[in-house]
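The values are calculated or read from the model by the stated rules, or taken from the named source; none is laboratory data. In this text the structure is predicted, and so the values were computed from the model without any measurement. Heads up, the Cβs are rebuilt from the backbone with ideal geometry, glycines too, and the neighbour counts pull from every protein chain shown. Remember, those area values only see protein heavy atoms, side chains included, never the ligands or the DNA or RNA. Shrake-Rupley method; radii C 1.70, N 1.55, O 1.52, S 1.80 Å.
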There are 2 protein chains.
Amino acid sequence: MKIREATREEFDQIWPIFREIAAAGETYAYARDTTKEQALEIWMDTPRKTYVFEEDGEILGTYYIKTNQSGPGDHVCNCGYMVSSSARGRGLATAMCEHSQHIGRELGYKAMQFNFVASTNEGAVRLWSKLGFATVGRLPKAFHHPSEGYVDAFVMYKWLET
Amino acid sequence: MKIREATREEFDQIWPIFREIAAAGETYAYARDTTKEQALEIWMDTPRKTYVFEEDGEILGTYYIKTNQSGPGDHVCNCGYMVSSSARGRGLATAMCEHSQHIGRELGYKAMQFNFVASTNEGAVRLWSKLGFATVGRLPKAFHHPSEGYVDAFVMYKWLET
């Protein structure tokens, strides 16, 4: 297995992962009916770089890295991670998050921020905390969960410089 | 004086206000050398609506309103306000912020969020607090101030429903 930069042509293999996660509406701030074309722009074109987690020629996970704010905020990056439902619980998110911090430092970023972590996504909150991210904000009822209703979202943040 | 929706053609009058504020680099997450073309996209094209504060045919202030996050976050809007240096201290920011909350409700938003308020921008923090915004997050050293260095930025938030 390896984590490597994705090519735009590989989006066909990324799309099923994106579609499933967006359609569930439980974790990401993407419309549940996001089209493949929109997803391509969101995941491949807008970010600075996009990576895939590959095993035996199959793409099981993916993440993007981008600048979170321009100008006076451009030393902070933002990432999003997605793991195929068939590959959950095997440490892919941890591997990709650690990889992304390495890439973030390499690209010159000083910190990484997650803007919108659903408070109901307890696994993610626990994982990011374990990987050194502090919960620096709590947005009241900012996330509309399909079954839980309006729930809080967290802002999580980690200084990358060592 | 009145606050009304801006036309795209009026950006020529908005641009000097934008340029001055972006070039100072003290308050907004825009590159200090943002071009007029980029500013047009940021201020007029990307937002859902853009308004101007007009007095005697002159544009003295402006604000935009847009959806802050897609999908499960699309009930929260985001606004940005700019006041010409010649018109500061006269309550324009207050008037525009109150106007924007009214518009936000009209457009169906349930809350308003400011993502990136420089902690050094004490006047703004005080004003938004007075207008009912809670400081719900503090991003450590996320704002690179031209003279103060890396300073914290606040996330501020207000539920709009009454």
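Residue check: is B:Thr62 at negative phi and open to solvent by 10 Å² or more (accessible area, probe 1.4 Å)?
So B:Thr62 fails the test.
I'd like to know if the stretch A:46-59 contains one or more residues that are of a type outside the set (Lys, Arg), touching a Ser or Thr at 6+ places or on another chain (Cβ under 8 Å) and within 14 Å of chain B (Cβ to nearest Cβ).
Checking the stretch A:46-59: not a single residue is of a type outside the set (Lys, Arg), touching a Ser or Thr at 6+ places or on another chain (Cβ under 8 Å) and within 14 Å of chain B (Cβ to nearest Cβ).
Does B:Tyr51 satisfy the condition of being open to solvent by less than 40 Å² (accessible area, probe 1.4 Å) and closer than 22 Å to A:Pro72 by Cα?
So B:Tyr51 does not fit the description; no.
For the stretch B:145-162, which positions are among the acidic types (Asp, Glu) and surrounded by fewer than 16 Cβ atoms within 10 Å (Cβ to Cβ)?
B:Glu148, B:Glu161
Conditions first: (1) of a type outside the set (Lys, Arg); (2) open to solvent by 20 Å² or more (accessible area, probe 1.4 Å); (3) facing chain A (nearest Cβ under 8 Å). B:Ala142 passes all but one, so which condition is the exception?
(2)
Say we look at the stretch B:33-45 and pick out the residues that are touching a residue at least 12 places away in the same chain (Cβ under 8 Å) and within 12 Å of another protein chain (Cβ to nearest Cβ); which of these is most open to solvent (accessible area, probe 1.4 Å)?
So, considering only residues that are touching a residue at least 12 places away in the same chain (Cβ under 8 Å) and within 12 Å of another protein chain (Cβ to nearest Cβ), the one most open to solvent (accessible area, probe 1.4 Å) is B:Ile42.
Results for (1) more than 11 Å from chain B (Cβ to nearest Cβ); (2) within 20 Å of A:Phe18 (Cα to Cα); (3) under 15 Å from the mean Cα position of the chain (by Cα); (4) surrounded by 16 or more Cβ atoms within 10 Å (Cβ to Cβ), shown as yes or no for each residue.
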position	(1), (2), (3), (4)
A:Tyr81	yes, yes, yes, yes
A:Ala87	yes, yes, no, yes
A:Ala95	yes, yes, yes, yes
A:Glu98	yes, no, yes, no
A:Glu106	yes, no, no, no
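Quick one: in the stretch B:126-162, which of the residues that are hydroxyl-bearing (Ser, Thr, Tyr) and assigned to a strand (DSSP E or B) is farthest from the chain's Cα centre (by Cα)?
B:Tyr150
Conditions: (1) of a type outside the set (Phe, Trp, Tyr); (2) assigned to a helix (DSSP H, G or I); (3) more than 14 Å from chain B (Cβ to nearest Cβ); (4) crowded, with 17+ Cβ neighbours inside 10 Å. A:Gly123 meets all but one. Number of the miss?
(4)
Please go through the stretch A:5-24 and pick out each residue that is under 15 Å from A:Gly80 (Cβ atoms) and part of a loop (DSSP other than H, G, I, E, B).
A:Ala6
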